[in-house]
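The values are calculated or read from the model by the stated rules, or taken from the named source; none is laboratory data. If you're wondering where the values come from, they're calculated on a predicted model, not measured in any experiment. Note: ideal-geometry Cβ built from the backbone for every residue, glycine included; neighbour counts use all protein chains shown. The accessibility values were calculated without ligands, DNA or RNA, using every heavy atom of the protein model including side chains. Shrake-Rupley method; radii C 1.70, N 1.55, O 1.52, S 1.80 Å.
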Amino acid sequence: MGTLDGDAWTPGRDGDGRVNCVSWQTVPLGRWVRVVGTRLDALDAEVKAAVPGWSDRGNEDWHGVLADWVGMAWDTRKGTERGWVTVGGGHDGSSNDGVYRLDLRAMKWNIERMPSDSSKWPASYSANFTNFNPAVEYYENNPENPEGVYSDEFFDPDNPEISSRTPTSRHTYGSTVFVPELGNAGKILMGCRRYWEYDVETATWALPKFPFDAAANYSGETGYTGENMNGWWNAAEGRYYVSATQNYNQSQTWSVLAGGTDFRWEGGYPTGGWTALSTAQDQRGQTLHSLVYEGGRPHQLLVTDIDTREVVGHELAYGPSTDGLMFDPQGGSDGGTLAHVAETGQYLTNFYPIGEGMLWAWIDEATWTLERAQIEGDYPTEVNFNTETKLEYFPEMHAIVWVNVGEEDIRLIRLQ
């Protein structure tokens, strides 16, 4: 059965390693519950045993893998509930380019793809791990660039051993999306900087594609994606969409067919310009839910029918618990998250009023009113404001899962 100590739950598991129903029924309802034994950094010894000499060159180590503006891709299907963090970190936080899977039916992190052998990297690869120095040098000195190389991959023409052409660690934001119908076991699509595909069955990355073959010249009409974006999948079209936010007031969305062909500009759909920089998003089937912030303040919730492209906007009202909150008029919502919980008719989101730190809030989809979420239970000691897509609702489990930082166990709210 496992054990329950207040709101700290140690799951009981069957012989196949999956959490048993008896143990699950002991989880309290409507509270933050800590799942003991679910720290990502607990994988450190396993990685070092498998890759001798491996070390994270970043200044945050495992903390940066989840904390640095990194999102997750999720599989919410019944019986296969899981999520992946891919090449998280980047900049000076973490150089860890591994792929790690959280299996929620087992409540356990696993290594799906080991990080690269850091002992073989050049000493110059430091400080900004999103850009691999040999790849940067090659790109700058080869304007024709027949290989399609860019700075965000491991490419070194003088050292084939480390020239895997796989992605470097980076801030993935909300760009990673799991698509179960691609390949034999599904693929993770990522539109951060360029278009990437990760095959879950083979644990391999396909060669990246520049949007529109325009290299890194982003003009608002051509070029790469940049960062601080949200991605989603249109199953009817077989296309991946991502809001390309690097060009600020000219930001707009592009899409691409699975496999990396037929890139297409989508304009400001469902958001564009400065608005695209401050959104939190949740996809449920062929419906897209987008929370738009204005000056740091949750302002509007857009509901998009992906099949028809109809966007319906709902202005948010502030209830008694939130009416007096103040916001930085120059602030954004870098790192906000959103989870649509259809069975309760609400959305769970977070926001950052002046002097309050990070707050959780419920948005009622009947009244479109935002109220503080007074959720008791085992709350993390350290809270990462850059939640991104690390909050997810699982309808068959009737639970909301929150992945915070690598040195904290995951939290969940069991609803039923």
Inset, instruction - Assuming 1.306 mPa s and 10 °C, estimate D for the chain with Stokes-Einstein, Rh taken as the Kirkwood radius over Cα pairs, in µm²/s. - result: 73 µm²/s
Inset, instruction - Please compute the net charge surrounding residue 257, taking Lys and Arg as +1 and Asp and Glu as -1 over other residues with Cβ under 10 Å from its Cβ. - result: 0
Legend entry - region 146-168 residues near the modelled residue 204 label - backbone nitrogen below 17 Å, point 7 Å along Cα→Cβ: 154, 161-167
Inset, instruction - Tally the DSSP beta bridges in the chain and give the antiparallel ones as a percent, rounded to 5. - result: 90 percent
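For region 1-140, report the translational diffusion coefficient in µm²/s to the nearest whole number, using Stokes-Einstein at 20 °C, 1.002 mPa s, and a Kirkwood Rh over Cα pairs.
Taking Rh from Cα pairs, D becomes 127 µm²/s.
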Inset, instruction - Between residue 375 and residue 344, with labels modelled 7 Å along Cα→Cβ, what's the label distance in nm to one decimal, could you check? - result: 0.7 nm
Inset, instruction - Could you pull out which residues in region 375-416 have an amide N less than 11 Å from a spot 7 Å beyond the Cα of residue 110, following the Cα-Cβ vector? - result: none
Inset, instruction - Note down the net charge around residue 78, summing +1 for each Lys or Arg and -1 for each Asp or Glu among other residues with Cβ under 11 Å from its Cβ. - result: -1
Inset, instruction - Any chance you could tell me what percent of the C-alpha pair distances in region 107-197 go past 18 Å? - result: 53 percent
Legend entry - Protection-proxy order for peptides 309-322, 277-290, each taking the mean of Cβ atoms within 10 Å per residue, highest first: 277-290, 309-322
Inset, instruction - Determine the share of the chain's accessible area contributed by carbon and sulfur atoms, expressed in whole percent, with a 1.4 angstrom probe. - result: 47 percent
Legend entry - Lysine pairs meeting the criterion (Cα under 27 Å, 8 or more apart or interchain), as found in the chain: 13
Inset, instruction - Within the set of other residues whose C-beta is less than 14 Å from the C-beta of residue 363, count the net charge using Lys and Arg as +1 and Asp and Glu as -1. - result: -3
Inset, instruction - Round to the nearest 0.05 the FRET efficiency obtained for residue 127 and residue 219 when R0 = 25 Å and r is the Cβ-Cβ distance. - result: 0.35
Inset, instruction - With the convex hull built on the Cα atoms of region 326-388, state its orientation-averaged projected area in nm². - result: 5.1 nm²
Inset, instruction - Work out from phi, with θ = phi - 60° and the Karplus expression 6.51 cos²θ - 1.76 cosθ + 1.60, the ³J(HN,Hα) of each residue of region 404-415, listed in order in whole Hz, and give x for Gly and Pro. - result: 9, 10, x, 9, 10, 5, 6, 10, 8, 10, 8, 9
Inset, instruction - Have a look at region 190-280 and give its Rg and Dmax from the Cα atoms, expressed in angstrom. - result: 12.5, 39
